Amino acid sequence: MINLFKYLKKREIIGIIFSIALVVLQVWLELSMPDYMSEITRLVQTDGSLMSDILIAGGKMCLCAFGSLIASIVVCYLASNIASSFATVIRSKIFDKISKFSIAEMKKFSTSSLITRTTNDVTQVDMVIGLGLQMLVKAPIMAVWAILKILDKGIEWSILTGVCVVILLLTVSIILIIVLPRFETVQKLIDRINGVTRENLTGIRVIRAFNAEKFQTDRFNSVNEELTNQQMFNQKTFATMMPVMNLVMHSLTLGIYIIGTILIMNAGLADRITLFSNMIVFSSYGMQVIMSFLMLAMIFMMAPRASISARRINEVLNQDISIVDGDFDGKTDKKGVVEFKNVSFKYPDADEYLLKNISFKANQGETVAFIGSTGSGKSTLINLIPRFYDTTDGTVLVDGIDVKKYKQVALNNKIGYVPQKAVMFTGSVIDNVAFGKTDKEITEDNVKTAIKVAQAENFVSEMEDGVNSHIARGGTNISGGQKQRLSIARAIARDPEIYIFDDTFSALDYKTDSILRSELKKHTKNATNIIVAQRIGTIMNADKIIVLDKGECVGMGTHQELMKNCSLYKEIALSQLSEEEL
């Protein structure tokens, strides 16, 4: 957890120092009160004592109590403020780090785990910092100071207090040994329950369509019950601490008075007042010592879980980024040229290559299409262009420059990417189409033109507020085909050099597909189009078609050339269209 403290700001560090100073003042004031209590006891027992002296001592005692209260309120305010600010910074750091993750890092952690680390884990650390400034600093100072004050008050009482402290420490140690390994299990179970909940909510339509509600409920209940049982065990184990604490505290008080009674009975008349006064003071200081260790015990209960949460946070913050930003700003003489040179690729945790020795070149204005069976590596191949992954071997060039040398912002400004699964964000139609940052200004006219080219004008104009109509998160209030067309419009509005369509037209009917591609060809005549498709009709007019099979290029050429020279392409084509149509 100490590694996270480097993210504290100067203002927060000053606040911590001031809080510690106030805690020391608070401890001094609280430990001064038993001295005044002893003085009042002595004055009451002494003949000839003036009432004014007793009132003055009582007044000082009240001032100490009031001063301690004010210091405690200020420390509580500062601690809460520092903890909240620190949590804000950590959450921001985690979000920024996750935003730089490649797909490989996202798969390593999983979405549900990253959500838990950003929320629940940060909250655990936040709570410990907030309470730590109040208790973790105060408890040891008070314990040591109180022990120093009572050491000369009576060896019998000191031994009794020491025994009680040892019992407390043993109790806390045993509980921590039992519970500590289970805290990490709890956080992992929270990850799992988060993942199951997300799957259930995002797949609600499929679940209902297949009458799988009971299966999903049982699945959730299984994880939920496991988490509950783990938490119940932890809480029951911690619950044993409070009875032990109360037993020790009351036993100490009782023991002090029993020992005090014996000492007073065996002492001379002159020493009885002093012993009685010491007994009163010792009972107060003894309780302060026990309360100090009780506060430490509370922190010890929270610290292990916070420590595990801090480690999980550090795993994210210290994760090496596999996609390292280059320093090239993207200014080139060439426009829209994409070239693969002997490119091979395998996933970081895989043994076999998914792509093997792929080479081709797409020039400005050309349309290059990829086709092949499921799992042949089509989508993986085009994901190497925007650097969602980096090549294992070989080079991917954009405008003659290795993509690894580009600044990612500059590379992305050259590309209009339309993913296989259309993604919509909460906001209006215009917000979704003009989404993101580019080196060109996207005006409302650009958005309307893009919507028209993407054949989305009809359904957008029928919506209540046109381009200002609301789109729900994930686009749940529009159809799959509508989402796909808005996704295409988003890429068109950027007016990029290179368009990448990852099986984008699959959700469209043949008529809309044909019209859209016709309009798209006119609008993007000066741009390079790279298309992944399953339909022969979508790609048969491409300038170059590349056929993939098990990650290898088994054919390259025009539709007519491949029908003559590539048996796999011909087989795919004939499975979709008749020879006359082809």
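For ILE471, list long-range residues whose amide hydrogen, built 1.01 Å from N in the peptide plane, is under 5 Å from its own amide hydrogen.
GLY427, SER428, VAL429
Go through VAL447, THR253, GLY475 and say which Cα lies farthest out towards the positive end of the charge dipole of the chain; charges sit on Cβ, +1 for Lys and Arg, -1 for Asp and Glu.
VAL447
Give me the distance between the Cα centres of the range 173-248 and the range 392-414, rounded to whole Å.
Spelled out, the Cα-based centre of one part sits 45 Å from the other.
Apply the Karplus curve 6.51 cos²θ - 1.76 cosθ + 1.60, θ = phi - 60°, to the phi angles in the range 245-260 and return the couplings in whole Hz, x for Gly and Pro.
4, 4, 4, 5, 4, 5, 5, 5, 4, 4, x, 4, 6, 5, 4, x
Cut-off is 10 Å between beta-carbons; in what order do THR558, THR367 appear when sorted fewest neighbours first?
THR558, THR367
Computed on alpha carbon atoms, what radius of gyration and Dmax characterise the range 303-354, expressed in Å?
19.7, 59
Using Cα pairs closer than 8 Å and at least 6 residues apart in sequence, work out the relative contact order for the range 338-576, in percent.
27 percent
Residue by residue through the range 318-324, which ³J(HN,Hα) values in whole Hz follow from phi under the Karplus form 6.51 cos²θ - 1.76 cosθ + 1.60 (θ = phi - 60°), with glycine and proline marked x?
9, 5, 5, 8, 6, 9, 8
Can you tell me the 0 to 90 degree angle between the C-alpha axis of helix 138-150 and the longest principal axis of the chain, rounded to 10?
Result, in degrees: 20.
When 1/r is averaged over all different Cα pairs and the result inverted, which Kirkwood radius in Å belongs to the range 2-317?
23.3 Å
Pairing the Cα long axis of helix 10-45 with the longest principal axis of the chain, what angle in degrees results, from 0 to 90 and rounded to the nearest 10?
That works out to roughly 20 degrees.
Check TYR406: other-chain or 5+ apart residues with amide H under 5 Å from its amide H, H built from backbone geometry?
GLY326, PHE328
Using the Cα centre of the range 451-582 as origin and beta-carbon charges of +1 (Lys, Arg) and -1 (Asp, Glu), tell me which of HIS559, VAL460, THR528 is placed farthest towards the positive end of the dipole.
THR528
With a 10 Å Cβ neighbour count serving as the proxy for reagent exposure, in which order, fewest first, do GLU213, GLU464, GLU12 appear?
GLU464, GLU213, GLU12
Counting other C-beta atoms within 10 Å, which of LEU169, LEU384, LEU227, LEU548 has the fewest, and how do the rest follow?
Ranking LEU169, LEU384, LEU227, LEU548 by Cβ neighbours within 10 Å, fewest first, gives LEU169, LEU227, LEU384, LEU548.
Show the residues, 5+ positions off or on another chain, whose built amide H is closer than 5 Å to the amide H of THR558.
ILE545
With a cut-off of 8 Å between alpha carbons and a minimum separation of six or more residues, what is the relative contact order of the range 2-317 in percent?
31 percent
Could you give the dipole magnitude of the range 338-576 about its Cα centre, charging the beta-carbon of Lys and Arg +1 and that of Asp and Glu -1, in debye to the nearest 20?
With only Lys, Arg, Asp and Glu charged at Cβ, the dipole is about 240 debye.
To the nearest 20 Debye, how big is the dipole of the chain about its Cα centre, given +1 on the beta carbon of each Lys and Arg and -1 on that of each Asp and Glu?
About 240 debye.
Under the Karplus relation 6.51 cos²θ - 1.76 cosθ + 1.60, θ = phi - 60°, what is the ordered set of whole-Hz ³J(HN,Hα) values for the range 490-497, x standing for Gly and Pro?
Rounded to whole hertz, the list is 4, 5, 5, 4, 6, 6, x, 7.
Read-outs: derived from the displayed coordinates by stated rules, not from any lab. Keep in mind the model is a prediction, meaning the values are calculated, not measured. Quick reminder, even Gly has a Cβ in these numbers, built from the backbone with ideal geometry, and neighbours come from all protein chains shown.
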